[in-house]
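What follows is a set of notes on a single structure, which appears directly below.
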């Protein structure tokens with residue numbers, strides 16, 4: 001059976017502000033027309049909504065393992081069909097990413113690394129957190145960024161993933177934005 005999240009995450013900036021901070025970061029940098037992979041859409045889908053509100057025209061591909069969050073996405077598109085032009089979300093296990101199905105990205109959010117993978121994923125040969133991160137890293141364009149959330153429940157375990165990302169793919173720490181840690185792919 002698929003390891004999925006049997007809950008839905010509404011927007012609670014006090015507990016998990018990473019999506020809001022990432023949207024702010026993109027706005028402050030005046031990022032427009034970029035391609036973004038977003039791990040963990042939340043039922044709020046705030047990243048896509050903010051992108052549309054400011055007319056940034058960024059193309060966002062999101063993934064959720066929550067049926068409730070996916071249902072919220074479907075409802076959102078029914079009510080806001082124009083949003084579907086630049087925002088696609090799909091239901092699935094992030095640990096089953098197939099690089100052949102992914103385009104190149106300018107930005108990747110990996111806020112929830114090391115939070116959800118369990119032995120249930122092993123039953124169907126799912127990737128590890130490091131393998132998933134490397135698949136995404138390989139899809140980032142030169143000079144592109146991967147963002148991590150330092151307030152994540154899994155952040156302490158994610159530190160080893162980050163060290164491996166730097167050692168194996170040459171990513172460099174290039175700053176922070178509030179509680180986001182930014183790593184950049186070499187050019």
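Read-outs throughout are calculated quantities, based only on the coordinates presented, and are distinct from any laboratory measurement. Just so you know, these numbers come straight off a predicted model, no measurement behind them. Note that each Cβ is placed from the backbone with ideal geometry, even for glycine, and that neighbours are counted across all protein chains shown.
The length gained on full extension between residue 187 and residue 32, counted as 0.36 nm times the residue separation minus their Cα-Cα distance, comes to 53.8 nm. Taking a ≥ b ≥ c as the square roots of the Cα gyration tensor eigenvalues, the range 10-69 comes out oblate, since a/c reaches at least 1.5 and a/b does not exceed b/c. With R₀ set to 35 Å, the beta-carbon distance separating residue 14 from residue 100 gives a calculated FRET efficiency near 0.35.
Spacing of the modelled spin labels on residue 123 and residue 6, each 7 Å from Cα toward Cβ, amounts to 1.2 nm.
When only alpha carbons of the chain are considered, Rg and Dmax amount to 15.4, 45 Å.
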